[in-house]
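> Once you've had a glance at the structure underneath, I'll fire off some questions.
The values are calculated or read from the model by the stated rules, or taken from the named source; none is laboratory data. Since we're looking at a predicted model, the values are computed, not measured. Every residue, glycine as well, gets a Cβ built from its backbone with ideal geometry; the counts of neighbours run over all protein chains shown.
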Amino acid sequence: MQAEPTRFLAGADRAREASASLHDWLAAHGRRPENRGAIAHWERLPSRPPRHGDLTLPLPPPLAESLESRGITRLYTHQVHAIEALRGGLDVVVVTGTASGKSLCYHLPVLERLLEEPEATALYLFPTKALTQDQLKGLTRIALGHPDLLRRLVAGVYDGDTAPGTRRKLRDTANVILSNPDMLHQGILPAHSKWARFLSHLRFVVVDEMHAYRGIFGSHVANVMRRLVRLAAHYGASPRLVMCSATIRNPAELAEGLCGRPVTVVDDDGAPRGEKHFVFWNPPFSDASRVERRSSNGEGCALTAGLLEAGAQVITFTKSRVAAELVYRYARDRLRRIEPGLEDRIRPYRGGYLPEERRKIEQALFSGALRGVVCTNALELGIDVGGLDAAVLIGAPPTLASAWQQAGRAGRGGDPALAILVAYNDTVDQYLMRHPEYFFGRSPEAAVIDPHNPYILAQQLACAAYELPLSAADVAAFGPQMADILAALEEAGETRTIDGRAYWANTSFPSARVNLRTISDNTYTIMVTGAGAAPPPRPGNVSDPGAAARDAPPARADMPEGEAPARRDRWGRGESAARGADAGANVIGTVDAISALELVYPEAVYLHEGETYFVRSLDLEQKTAFVERREVDYYTQPVLDTNIRVRGERQRRGWRGETVILGDVTYSWQTIAMKKVKFGTRDSIGYHPLELPRLTLETVGFWFAPDEAAWAAVARAGHPPFEGLSGVRNLFLTLLSMLSMCDPADLGGMIDSSNLGRPALFVFDRYPGGLGFAEQGWSRLDELARAAYDHLASCPCESGCPSCVGLPVLHPAQQQDPDLGHGRAVPAKEAARTLLSHWLARTDA
Amino acid sequence: MSFLHEEGGPLKARLSELARARRSAVVPASETLDPAPASGETGVPHSSRVPVASLSPHSSRATPVSPEAALDLALDVAENALGVEAFLPGGEWRDERGAVFVHERLRSDVERRRAHWGQLDAAPEDEPDLSALCALGLEHALFLDLETGGLASSPVFLAGTMRWNGSDFVLRQYFARHYGEEATLLAALSEETREAEFLVTFNGKSYDVPFLRGRAHVHRVPLAMPPRHLDLLHPARRRWRDELPDCRLQTLELRVCRRRRTGDVPGEEVPGLYHDYVRHGDPYRLIPVFHHNLLDVITMGDVLGALCR
């Protein structure tokens, strides 16, 4: 719940009037001749009044009074449903919009229980430290509303920053502990005997921002949750689970995957909504060739400055730290010219700020002293900045859920708010521009996890065995492969089974080796040597990897002006996320083994935060790449030799005349050479063979080989078939990453004839054991194909472009310049379209 | 754990058939086959001095043994048993959970008797716990020192105790021969601790007692600690802080008790030695841990005497 911001400045009234005319300003701006066509879509989301409900049994008086003292006399429908369900002994996932009072869905049941049962305890889990701090404030505010509550509540944050003395006090006396999955995994569960009191009285476990727990992180967290429940049960407790999620396609599925049992969905959102205008801004083409568009950063900046000049308070989100700096500087310069004085009232904001700095910014936004903030996704979650007049999103964030959260920053309950999404010229953003229904309809994004991925499970079982010996009773939680995996652990000398119970048999501490965000401990560290060592790491948050990741921008040569959409976890989390004791001043990042041999091979040029580093050496034993800062005028591209092999089939289905198989594949690759490419001209200035080992990845994928009829259709139309299938592959990969909320780098795709004797399209997860993404694609293939077709059909390019069928070598290696595909075919748009329309015209078998 | 390049890896299907010998009243159970070393449950009577057959390390993964052959094999194995029991005589203590190995000796068996044994002259005035103990008498005290896996949730595998029986010190070591015996270790230890009035430890207030309580809670074993606890670390510090470089037990042993250890095992190696023992059953490297534990407890007795002289 957010209090009304107090305003002290004269500018406040002006701002209020301004917001009503903001969309007039935008409409006018869009009508200017140079901006013709930029407004791709304008969605008006009407206001909606609140819908309240009543609890069958009212809240206890101290709680009701505390709420009343803050102006809350009735609860919204979803709050009522959640509380009733929890009281009835059900586990709950609340799926409602931003600023809908979700946190009361857990604060109230917890406080109610504390009043009844003084010994009761509750554990709150958040994905970032900043959010944790904010929710502690929220909980404390409610407690302050009545002396009974204040007397009863002993709450505190228990994470990496908590002082040792405080930790002990919390362990011994706290009844509400706020923490994060990493701390739970490494700091709490392994030392559970010190937590006996807390665990034995555990009544509630709260998981906020549930949708953040997907992919590798989610798969690990699902197992951490099972370890928690197992330990609580050992101490005699059976807590209720309360989860809160942004809108995704499959909240029940994700919730149940995370906790291993059925969960009740509460999604009847009764919170009021102010009117909001959501505008899609697609930078116009920069010239008649209609291939390149104007810079999105520039467009976003102009919009930000214009809104500020029109009197609005604006928050602008960018996908990388570099972009945030650029936008901020350009906006400041422009404002200085047009409205001197105003340029001092905007600020950049990045992850890694100290809490005091953050508070200052929040207060300044509240009071109105600060008019504009340019930030990365660090400000996306929680953080109480109240409501602003407008939000500008430069580049679509990785998921719709994020986009809605960012857009949710605009809105003051009452005045119509404005959110503008400025598109980059890449497939995802352009797809959104042309398919607003994807954005505004029912969420198509599914959060995918695979808690039983054997590599993840093996790491988690090691941690579980350390905590309490594992036995057959644990198979229900950890899955039927538990026995096999334990056998493997035993062979490796990690565990020992005695009398049917698997004990930890090793002096090492397994949780310290397990990183919840990677799938194996095969992480390479990137270390700066020589003169020009990197600046010391920011006081970053290990539990806030998203911020650092989004702030690490690789340049993609097909983006104008070196703008760089951010990458996520796999790419490396920036210096603040360097693992364990290596977090010294000269470690600038980590990258996992799968990518290391494509990114930091010897003599590669590595891009970090917009600066070039030269890889002096790559130590395969120590898993370290030694780089040095160097100004170079070229970049490098690995040349890969790849191979895919079918190992086994899991399921097959018929799809529009084709047979599509889901199964296990082995993908292997080797960096065989390197190309040097000059910046700007893109001339190739060198080609050097390399001696690097061949890597193998055993994973899950789906594949199908188009049948004769499909090829014939393409041939008849006179298009090159292989190039067509290549285009289909590129589209599938991008669209699948959207549908399954993963990063395009998490997927791989190949066209290969060696397995089925004729060309087949393979799509697979780029993680050992698979994570469920390819499986999503296999089961939603129709959706993928339709989306691909629609996208092609509406792309204005002639024969293919980066934003539709893409370029010849689609590769997760971030620094790949796909234009220079080593003799491979350029994907052909028409051929791809022919294939897709051929399939879609056939009925499902 | 490197899964990326491993051949096979955790997905490899394992053929595992755990053939487990049944517990029988007469025949010592033959070893459990396959990866697990045998459980501590055997048919060997408590008072038996025959080394417990079930811990032979060498016959693991053998083919299943037919009942008739079991007896012969068991006897064979008994002669070749190489558990610590072969070196440290003792027996099993059993409860409904399982068994634990208990080794007991008199101090006079391992050391030449000295006049000052058992002597508590007078406690310093400003040490109430010491005074109380002196007043009560040494027979009411139980010395305790633990050897553990070293980490938060690792097990306690060796508990060494010492008490004064009026003329000699009785030294006992409760030893969990594998991880499954820890619960019984705690139960057996509790039987002894419940009889004593005064627990005497070195740094036990911070470490040993909380550790035991934690492990007892995890195993749900009721643990009865003596009503009073004297942690020698604190009076030792007060007494010798200015004279000695530090007040570690081994420093006190050297300087106050004038005993020098040779070939002692470093503390940080102890957990690894235990895990190795459980895996391989080789006692040679574990015996020094028993010795180390023994000397620690004996030293505590001497330190107490020195404090009360």
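> Among all residue pairs at least 6 apart or on different chains, which show Cβ distances below 7 Å where the first residue, located in region A:87-109, is on the phi < 0 side of the Ramachandran plot and in contact (Cβ under 8 Å) with a residue 60 or more places away in the chain and the second is assigned to a helix (DSSP H, G or I) and among the polar types (S, T, N, Q)?
Taking only residues 6 or more apart or on different chains, the pairs are A:Thr98/A:Gln405; A:Ser103/A:Gln135; A:Leu104/A:Gln79; A:Cys105/A:Gln79.
> Same structure, new question: Might you check whether a residue that is surrounded by 19 or more Cβ atoms within 10 Å (Cβ to Cβ), part of a loop (DSSP other than H, G, I, E, B) and modelled with pLDDT of 80 or more occurs anywhere in region A:383-394?
Among the residues of region A:383-394, at least one is surrounded by 19 or more Cβ atoms within 10 Å (Cβ to Cβ), part of a loop (DSSP other than H, G, I, E, B) and modelled with pLDDT of 80 or more, which makes the answer yes.
> Name every residue in region B:250-271 that is within 14 Å of another protein chain (Cβ to nearest Cβ) and not in a loop (DSSP other than H, G, I, E, B), in order of residue number.
Once the filter is applied, which keeps residues that are within 14 Å of another protein chain (Cβ to nearest Cβ) and not in a loop (DSSP other than H, G, I, E, B), region B:250-271 yields B:Gly267, B:Glu268, B:Glu269, B:Val270, B:Pro271.
> Residues that are among the charged types (D, E, K, R), within 17 Å of B:Glu127 (Cβ to Cβ) and exposed (fewer than 15 other Cβ atoms within 10 Å of the Cβ): does region B:211-225 have at least one?
Within region B:211-225, not a single residue is among the charged types (D, E, K, R), within 17 Å of B:Glu127 (Cβ to Cβ) and exposed (fewer than 15 other Cβ atoms within 10 Å of the Cβ).
> Quick check on my filter: what residues within region A:613-646 are polar (S, T, N, Q), surrounded by fewer than 20 Cβ atoms within 10 Å (Cβ to Cβ) and at pLDDT below 85?
A:Gln622
> Output yes when any residue across region B:272-294 is among the acidic types (Asp, Glu), within 14 Å of another protein chain (Cβ to nearest Cβ) and buried (at least 16 other Cβ atoms within 10 Å of the Cβ), and no when none is. Reasoning before the result, please.
Pass one, region B:272-294, residues among the acidic types (Asp, Glu): B:276, B:282.
Still in the list and also within 14 Å of another protein chain (Cβ to nearest Cβ): B:276.
From what is left, the residues that are buried (at least 16 other Cβ atoms within 10 Å of the Cβ) are B:276.
Checked against the condition, which is being among the acidic types (Asp, Glu), within 14 Å of another protein chain (Cβ to nearest Cβ) and buried (at least 16 other Cβ atoms within 10 Å of the Cβ), region B:272-294 yields at least one hit.
> Let me ask another. Do we have any residue at all in region A:448-457 that's touching a His at 6+ places or on another chain (Cβ under 7 Å), within 14 Å of another protein chain (Cβ to nearest Cβ), at pLDDT 90 or above and buried (at least 24 other Cβ atoms within 10 Å of the Cβ)? It would help to see each step written out before you state the result.
First, the residues of region A:448-457 that are touching a His at 6+ places or on another chain (Cβ under 7 Å): A:456.
Cutting the leftovers down to within 14 Å of another protein chain (Cβ to nearest Cβ) gives us A:456.
Keeping just the survivors that are at pLDDT 90 or above gives A:456.
With the extra rule that they be buried (at least 24 other Cβ atoms within 10 Å of the Cβ), the set shrinks to A:456.
Checked region A:448-457: at least one residue is touching a His at 6+ places or on another chain (Cβ under 7 Å), within 14 Å of another protein chain (Cβ to nearest Cβ), at pLDDT 90 or above and buried (at least 24 other Cβ atoms within 10 Å of the Cβ).
> Considering only region A:74-177, give the strands (runs of 3 or more DSSP E) lying wholly within it that have at least 3 residues that are touching a Cys at 6+ places or on another chain (Cβ under 8 Å). Walk me through it before giving the result.
Values: elements: A:92-95, A:121-125, A:155-157.
Output list reads A:92-95.
> Next question, about the same structure. Identify, please: which residue in region A:694-749 is touching a strand residue (DSSP E or B) at 6+ places or on another chain (Cβ under 8 Å) and basic (Lys, Arg) and is, among those, farthest from A:Gly657 (Cα to Cα)?
Keep residues of region A:694-749 that are touching a strand residue (DSSP E or B) at 6+ places or on another chain (Cβ under 8 Å), which gives A:694-707, A:710, A:722, A:725-726, A:728-730, A:732-733, A:736-737, A:746-749.
Within this subset, residues satisfying the condition of being basic (Lys, Arg) are A:694, A:729.
Values: A:Arg694: 37, A:Arg729: 18 Å.
The extreme case among them is A:Arg694.
> So in region A:220-238, with the set limited to residues that are touching a helix residue (DSSP H, G or I) at 6+ places or on another chain (Cβ under 6 Å) and either modelled with pLDDT under 95 or not in a helix (DSSP H, G or I) (or both), which one is farthest from A:His81 (Cα to Cα)?
Out of the qualifying residues, it is A:Tyr235.
> Let me ask something else. Report yes if A:His146 is surrounded by 22 or more Cβ atoms within 10 Å (Cβ to Cβ), over 30 Å from the mean Cα position of the chain (by Cα) and away from every other protein chain (no Cβ under 14 Å), otherwise no.
On the way: surrounded by 22 or more Cβ atoms within 10 Å (Cβ to Cβ): yes; over 30 Å from the mean Cα position of the chain (by Cα): yes; away from every other protein chain (no Cβ under 14 Å): yes.
Answer is yes for this residue.
> When residues of region A:501-512 are filtered for being within 8 Å of chain B (Cβ to nearest Cβ) and either closer than 20 Å to A:Ala191 by Cβ or part of a loop (DSSP other than H, G, I, E, B) (or both), how many remain?
Going through region A:501-512, the residues within 8 Å of chain B (Cβ to nearest Cβ) turn out to be A:501, A:503-507, A:509.
From what's left, either closer than 20 Å to A:Ala191 by Cβ or part of a loop (DSSP other than H, G, I, E, B) (or both): A:503-507, A:509.
Qualifying residue count, region A:501-512: 6.
> Here is a further query. Can you say whether A:Gly156 is under 24 Å from A:Leu388 (Cα atoms), surrounded by fewer than 22 Cβ atoms within 10 Å (Cβ to Cβ) and of a type in the set (Gly, Ala, Ser), as far as the supplied structure shows? Reasoning before the result, please.
Working: under 24 Å from A:Leu388 (Cα atoms): no; surrounded by fewer than 22 Cβ atoms within 10 Å (Cβ to Cβ): yes; of a type in the set (Gly, Ala, Ser): yes.
Considered against the rule, which asks whether it is under 24 Å from A:Leu388 (Cα atoms), surrounded by fewer than 22 Cβ atoms within 10 Å (Cβ to Cβ) and of a type in the set (Gly, Ala, Ser), A:Gly156 comes out as no.
> Taking the conditions exactly as written (at pLDDT 95 or above, within 14 Å of chain A (Cβ to nearest Cβ) and surrounded by 17 or more Cβ atoms within 10 Å (Cβ to Cβ)), does B:Val297 satisfy them or not?
Values: at pLDDT 95 or above: yes; within 14 Å of chain A (Cβ to nearest Cβ): no; surrounded by 17 or more Cβ atoms within 10 Å (Cβ to Cβ): yes.
No; evaluated as a whole, the condition is false for this residue.
> Here's another thing I want to ask about it. What residue, of B:Leu142, B:Leu189, B:Leu199, B:Leu136, is surrounded by fewer than 22 Cβ atoms within 10 Å (Cβ to Cβ), touching a strand residue (DSSP E or B) at 6+ places or on another chain (Cβ under 9 Å) and more than 14 Å from every other protein chain (Cβ to nearest Cβ)? Lay out the reasoning, then the answer.
On the way: B:Leu142 fails: surrounded by fewer than 22 Cβ atoms within 10 Å (Cβ to Cβ); B:Leu189 fails: surrounded by fewer than 22 Cβ atoms within 10 Å (Cβ to Cβ); B:Leu199 fails: surrounded by fewer than 22 Cβ atoms within 10 Å (Cβ to Cβ).
Criteria check complete, one pass: B:Leu136.
> Now, a different point. Taking into account only those residues within region A:486-498 that are small (Gly, Ala, Ser) and without any contact (Cβ under 8 Å) to a residue 24 or more places away in the chain, which is nearest to the other protein chains (Cβ to nearest Cβ)?
First pass over region A:486-498, keeping only residues small (Gly, Ala, Ser): A:487-488, A:492-493.
Adding the requirement that they be without any contact (Cβ under 8 Å) to a residue 24 or more places away in the chain leaves A:487, A:492-493.
On the way: A:Ala487: 4, A:Ala492: 7, A:Gly493: 7 Å.
Filtering first and then ranking leaves A:Ala487.
> Filter region A:490-547 down to the residues that are small (Gly, Ala, Ser), at pLDDT 75 or above and out of contact with any strand residue (DSSP E or B) (no Cβ under 8 Å at 6 or more places or on another chain) and list them by number. I'd like the intermediate steps shown before the answer.
So the first thing to find is which residues in region A:490-547 are small (Gly, Ala, Ser), and the list is A:492-493, A:500, A:502, A:505, A:508, A:511-512, A:520, A:530-534, A:540, A:543, A:546-547.
In the following step, the residues that additionally are at pLDDT 75 or above were identified as A:492-493, A:500, A:502, A:505, A:508, A:511-512.
Residues satisfying the conditions are A:Ala492, A:Gly493, A:Gly500, A:Ser508, A:Ser511, A:Ala512.
> Something else now. Go over the candidates A:Glu309, A:Glu299, A:Glu343 one by one and state the one that is at pLDDT below 85 and acidic (Asp, Glu).
Details: A:Glu309 fails: at pLDDT below 85; A:Glu299 fails: at pLDDT below 85.
Answer to the check: A:Glu343.
> Kindly provide the set of residues from region A:407-425 that are surrounded by fewer than 24 Cβ atoms within 10 Å (Cβ to Cβ) and within 18 Å of the chain's Cα centre (by Cα), ordered by number.
Hit for region A:407-425 is A:Gly408, nothing else.
> Mind telling me which of the residues A:Ala483, A:Ala465 ends up being within 14 Å of chain B (Cβ to nearest Cβ), under 25 Å from A:His220 (Cβ atoms), over 20 Å from the mean Cα position of the chain (by Cα) and free of Cβ contacts under 8 Å to residues at least 12 places away in the same chain? Walk me through how you get there before you give the answer.
On the way: A:Ala465 fails: free of Cβ contacts under 8 Å to residues at least 12 places away in the same chain.
Going through A:Ala483, A:Ala465 in turn, just one is within 14 Å of chain B (Cβ to nearest Cβ), under 25 Å from A:His220 (Cβ atoms), over 20 Å from the mean Cα position of the chain (by Cα) and free of Cβ contacts under 8 Å to residues at least 12 places away in the same chain: A:Ala483.
> Within region A:323-361, which residues are touching a Gly at 6+ places or on another chain (Cβ under 8 Å) and in a helix (DSSP H, G or I)? Lay out the reasoning, then the answer.
Taking region A:323-361 first, the residues touching a Gly at 6+ places or on another chain (Cβ under 8 Å) are A:323, A:327, A:330-331, A:345-347, A:351-352.
Correct list: A:Ala323, A:Val327, A:Tyr330, A:Ala331, A:Arg345.
So that you can scan it fast, the table gives a plain yes or no per residue for (1) in contact with a Gly (Cβ under 6 Å, 6 or more places away or on another chain); (2) surrounded by 22 or more Cβ atoms within 10 Å (Cβ to Cβ); (3) of a type in the set (Asp, Glu); (4) more than 14 Å from chain A (Cβ to nearest Cβ):
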residue	(1), (2), (3), (4)
B:Thr148	no, no, no, no
B:Ala152	no, no, no, no
B:Ala159	no, yes, no, yes
B:Val170	no, no, no, yes
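> Please go through region B:127-136 and pick out each residue that is in contact (Cβ under 8 Å) with a residue 12 or more places away in the chain and over 27 Å from the mean Cα position of the chain (by Cα). Working first, answer last.
If we filter region B:127-136 for residues that are in contact (Cβ under 8 Å) with a residue 12 or more places away in the chain, which is where we start, we get B:127, B:129-130, B:132-134, B:136.
B:Glu127, B:Ala132, B:Cys134, B:Leu136, listed by residue number.
> Filter region A:661-686 down to residues that are of a type in the set (Ser, Thr, Tyr) and surrounded by 13 or more Cβ atoms within 10 Å (Cβ to Cβ) and give me whichever is farthest from A:Ile751 (Cα to Cα).
Looking only at region A:661-686, we keep the residues that are of a type in the set (Ser, Thr, Tyr), and these are A:666-668, A:671, A:681, A:684.
Add one more test, that the residue is surrounded by 13 or more Cβ atoms within 10 Å (Cβ to Cβ), and what stays is A:666-668, A:671, A:684.
Working: A:Thr666: 14, A:Tyr667: 12, A:Ser668: 14, A:Thr671: 19, A:Ser684: 26 Å.
Checked region A:661-686; the qualifying residue farthest from A:Ile751 (Cα to Cα) is A:Ser684.
> If you take the residues in region A:242-262 that are of a type in the set (A, V, I, L, M) and surrounded by fewer than 24 Cβ atoms within 10 Å (Cβ to Cβ), which one is modelled with the highest pLDDT?
So the first thing to find is which residues in region A:242-262 are of a type in the set (A, V, I, L, M), and the list is A:242-243, A:246, A:248, A:252, A:254-255, A:258.
Filter again for surrounded by fewer than 24 Cβ atoms within 10 Å (Cβ to Cβ), leaving A:248, A:252.
Numbers: A:Ile248: 92, A:Ala252: 96.
The selected residue is A:Ala252.
> Let me ask another. Exactly one condition in (1) without any contact (Cβ under 8 Å) to a residue 40 or more places away in the chain; (2) at the interface with chain B (Cβ under 10 Å from one of its Cβ atoms) is false for A:Val475; which is it?
(2)
> Which of the residues belonging to region A:163-202 are more than 14 Å from chain B (Cβ to nearest Cβ) and farther than 14 Å from A:Met225 by Cα?
Within region A:163-202, A:Ala163, A:Gly165, A:Thr166, A:Lys169, A:Leu170, A:Thr173, A:Ala174, A:Asn175, A:Val176, A:Ile177, A:Leu178 meet the criteria.
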